[in-house]
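One structure is given below, encoded as structure tokens.
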Amino acid sequence: MNQPDYEFLRKLLRDKSGLDLSADKQYLIESRLLPLARKAGLASISDLVQKLRDGSSTLVSQVVEAMTTNETFFFRDKVPFDHFREMIMPELLKARANRRSIRIWCAACSTGQEPYSLAMSLKEMSAALAGWRVEIIATDLSQEVLEKSKAGLYSQFEVQRGLPIQLLVKYFKQAGELWQINSDVRGMVQHRQLNLLHDFSQLGTFDVVFCRNVLIYFDQDTKINIFGRIAKLMEPDGFLVLGAAETVVGLTDVFKPLADRRGLYRPSGIVSTAKAPLPGASRVAAAGN
Amino acid sequence: MKSCLVVDDSSVVRKIARRILEELGFSVVEAEDGERALELCTKSLPDAILLDWNMPVMDGYDFLGRLRRLPGGEGPKVVFCTTENDIDHISRALNAGANEYIMKPFDKEIVAAKFQEVGLIQALSAESA
Ligand SMILES: C[S@@+](CC[C@H](N)C(=O)[O-])C[C@H]1O[C@@H](n2cnc3c(N)ncnc32)[C@H](O)[C@@H]1O
């Protein structure tokens, strides 16, 4: 792949999805985009780039989706879900006793394992939640993973990664070779397509935000901007949960880590200056999609 | 070092399981059917048992029932590992005292996830996506 083509794709991906590729990821682009190019009847990455330069918008979203990493599994890293059961929910049950409603956002839900892990955790505590309204909003950039999440169909391999067998028996049905999560659990999760680079203030206010294993792909400024905008739509006593390799420390002071609760953060009360998405992102939003 | 008894009538499966379990830090003993496994357990109980269902002489389900009635027999964590992949079999196994259930085919990742689930091994260090 020639340098101008690589730089074009790098910039396109950064603008469209936030993906921050270092200068030496040509192989990654080739392995993911060559199959896509071939499917579109194009012989090479160069031809693909030419088409993109001509402004084919369906191809742009295909390229962006092909470059996302969708790796996920049920109860990933376990600890965040222990936090959810042992700390987040007990605190919110007290704090929201009058309102009796809780809103949870999974900000990069991929194929649904994360929101459904939360939904099953809620089912497991349904006695305490009688008469409560709990919403789970699951969003992702990629339409493809959202469709899979909505269907709630998983392979035998997927249901054996992180999902305790008791929960499989309780909340899934066999569908041929696959396993489908029961419709009452599916019904607890609302799906929406959403790019974190764009404005998301219309989602409303949340008590809990799971934003895991997505910001790691973004550059610093983008992370800081997104943290700032997430903080703005959170209740002051809400909870933010990040991935195992992620932190706000050294990036922003709008959230503060909780002692002894790895990966768990609360709004600090300090208001971010990030009012809007970064200019690059909003320009793209206006031009594309 | 924790010990794991691998019970399967296929020597190929036993070999694969042994390799995975040794990589996970277990000392491994093998048995080719339930009867032999029970014999071994009356002498010394392992920490974990990876258990096939269909075997000649004594099947895994039968073995599990007898194991749990041995003195101290509720101790070992029993993880079924079988091609019996339907809800009915899984429910029966859980009712009989199985701790986890692996549907074949399996790989190291699944064994590690399931052994972690029942507390036989610690969480692997978090890898990024
Ligand atoms: C590795 S998965 C994480 C899934 C889940 N949160 C977890 O931790 O297992 C990352 C997801 O982020 C999504 N993603 C990437 N860029 C995004 C963006 N700019 N806005 C929203 N979602 C994005 C991808 O489509 C992918 O499904």
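Report the rotationally averaged projected area of region A:80-149 based on its alpha-carbon convex hull, in square nanometres.
4.7 nm²
Sorted by mean Cβ packing within 10 Å, highest first, what order do the peptides A:63-75, A:17-29 take?
A:63-75, A:17-29
Using a basic spin-label model with each label point 7 Å from the Cα along Cα→Cβ, how many nm lie between A:E71 and A:Y27?
According to this spin-label approximation, the distance is 1.5 nm.
Please give the net charge around A:C106, taking every other residue with its beta carbon less than 10 angstrom from that of A:C106, where Lys and Arg add +1 and Asp and Glu add -1.
The answer is -1.
How much of the DSSP beta bridge set in the protein assembly as shown is antiparallel, as a percent to the nearest 5?
Given both bridge residues lie in the protein assembly as shown, the antiparallel proportion sits at roughly 25 percent.
At 222 nm, what value in deg cm²/dmol follows for chain B if DSSP H runs of at least 4 each add -39500 (n - 2.57) and the sum is divided by all its residues, to the nearest 500?
-12000 deg cm²/dmol
Calculate, in whole percent, how much of the Cα-Cα pair population of region A:3-68 lies beyond 20 Å.
Roughly 14 percent, rounded to a whole number.
Helix B:11-23 versus the longest principal axis of chain B: what is the Cα-based angle in degrees, 0 to 90, to the nearest 10?
50 degrees
Using only C-alpha atoms and all pairs of different ones, pull out the Kirkwood radius for chain A in Å with one decimal.
After inverting the pairwise mean of 1/r, the radius is 20.2 Å.
Do the sum for chain A: with -39,500 (n - 2.57) for every DSSP H run of n ≥ 4, divided by all residues, what is the mean residue ellipticity at 222 nm, to the nearest 500 deg cm²/dmol?
-11500 deg cm²/dmol
Rounded to the nearest 0.05, what FRET efficiency do A:D219 and A:Q190 give with R0 = 41 Å and r taken as the Cβ-Cβ distance? Could you check?
Using R0 = 41 Å, I get an efficiency of 0.85.
Using Cα-Cα distances under 8 Å and only pairs 6 or more residues apart, what relative contact order does region A:23-75 have, in percent?
Rounded, it is 35 percent for region A:23-75.
Restricting the calculation to Cα positions, tell me the Rg (one decimal) and the Dmax (whole number) of region B:2-116 in Å.
Calculated on Cα positions, Rg and Dmax stand at 12.5, 33 Å.
Only the coordinates and a few stated rules stand behind these numbers; no lab work does. Note that the coordinates shown come from a computational prediction; the quantities given were computed from them, not determined experimentally. Positions of Cβ are generated from backbone atoms using ideal geometry, with glycine treated the same way; all protein chains shown enter the neighbour counts.
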